[in-house]
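J.: Questions regarding the structure given below will be posed in turn.
The values are calculated or read from the model by the stated rules, or taken from the named source; none is laboratory data. These numbers come from a predicted model, not from an experiment. When we count neighbours, we look across all protein chains shown, and the Cβ atoms used for this are built from the backbone with ideal geometry, even at glycine.
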């Protein structure tokens, strides 16, 4: 089995809940996940008081995007983190448990960053020079967690050059907050309209994890709908 290690942006999408006979519905955040087990972080007001050796039934889901998956884990280590809560490292009890997680979420890990999706309803966007010299409307043609393609219309060629740094803001269906990223122009395609390909700049984008998590949620929803339509 190939090793699976989830990145922070993917982990932000995952939810986990304890199942009976433990305090049912108690939720935790996954801070580490690999093919052998996972590390759970509970808030200080929801600590379940687990002990070393306890076997814990869990239900995992991807922010309501994918079907929940149940598995059984064994507590290997525990530590108290004060106001941050408590952290437990748990190991999958059997190979089937790990395989269920792998099968359920591998597409989430492997496809999230490398697949671009084309929104059926192209979201409106605002593109601006990083120094505030100009601002122009645009349409989002495609996107991933790493970049996006924009249609800047007929006037875009007078504003944008390859390698330029831009600020982009747009809203995605299902997200309450707008996406705001800093991005670099990788390529331009001119015809009657200017189309540009942008790479998101992690170093210049504020609240990067939240922005990437929102993009990932949208990408995964689109992929799930595509898979459902094919089946």
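J.: State whether one or more residues within segment 182-190 are more than 28 Å from residue 67 (Cβ to Cβ), at pLDDT below 85, exposed (fewer than 15 other Cβ atoms within 10 Å of the Cβ) and outside the structural domain of residue 62 (by TED's automatic domain parsing).
T.: Step one: of segment 182-190, the residues more than 28 Å from residue 67 (Cβ to Cβ) are 182-190.
Among the residues that remain, those that are also at pLDDT below 85 are: 189-190.
Remaining after also requiring exposed (fewer than 15 other Cβ atoms within 10 Å of the Cβ): 189-190.
Then drop every residue that is not outside the structural domain of residue 62 (by TED's automatic domain parsing), which leaves 189-190.
Within segment 182-190, one or more residues are more than 28 Å from residue 67 (Cβ to Cβ), at pLDDT below 85, exposed (fewer than 15 other Cβ atoms within 10 Å of the Cβ) and outside the structural domain of residue 62 (by TED's automatic domain parsing).
J.: Does residue 41 fit the bill of being under 21 Å from the mean Cα position of the chain (by Cα), in the same structural domain as residue 88 (by TED's automatic domain parsing) and at pLDDT 75 or above?
T.: yes
J.: What pairs can you find where one residue is in segment 206-231 and at positive phi, the other is modelled with pLDDT of 80 or more and in a helix (DSSP H, G or I), and their Cβ atoms are less than 9 Å apart, with a gap of 6+ or different chains?
T.: The qualifying pairs do not exist here.
For every residue, the table says whether it meets (1) within 20 Å of the chain's Cα centre (by Cα); (2) closer than 26 Å to residue 61 by Cα.
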| site | (1), (2) |
| --- | --- |
| 125 | no, no |
| 152 | no, no |
| 162 | no, no |
| 171 | yes, yes |
| 178 | yes, yes |
| 188 | no, no |
| 206 | yes, no |
| 211 | yes, yes |
| 225 | yes, yes |
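J.: Moving on. If you go through segment 75-88, how many residues are in contact with a strand residue (DSSP E or B) (Cβ under 7 Å, 6 or more places away or on another chain) and either at pLDDT below 90 or surrounded by fewer than 17 Cβ atoms within 10 Å (Cβ to Cβ) (or both)? Even if it seems obvious, please write down each step before you answer.
T.: Our first condition is that a residue be in contact with a strand residue (DSSP E or B) (Cβ under 7 Å, 6 or more places away or on another chain); within segment 75-88, this holds for 75-81, 85-88.
Those still in the list that are either at pLDDT below 90 or surrounded by fewer than 17 Cβ atoms within 10 Å (Cβ to Cβ) (or both) too: 76-77, 79-81, 85.
The number of residues fulfilling the criteria is 6.
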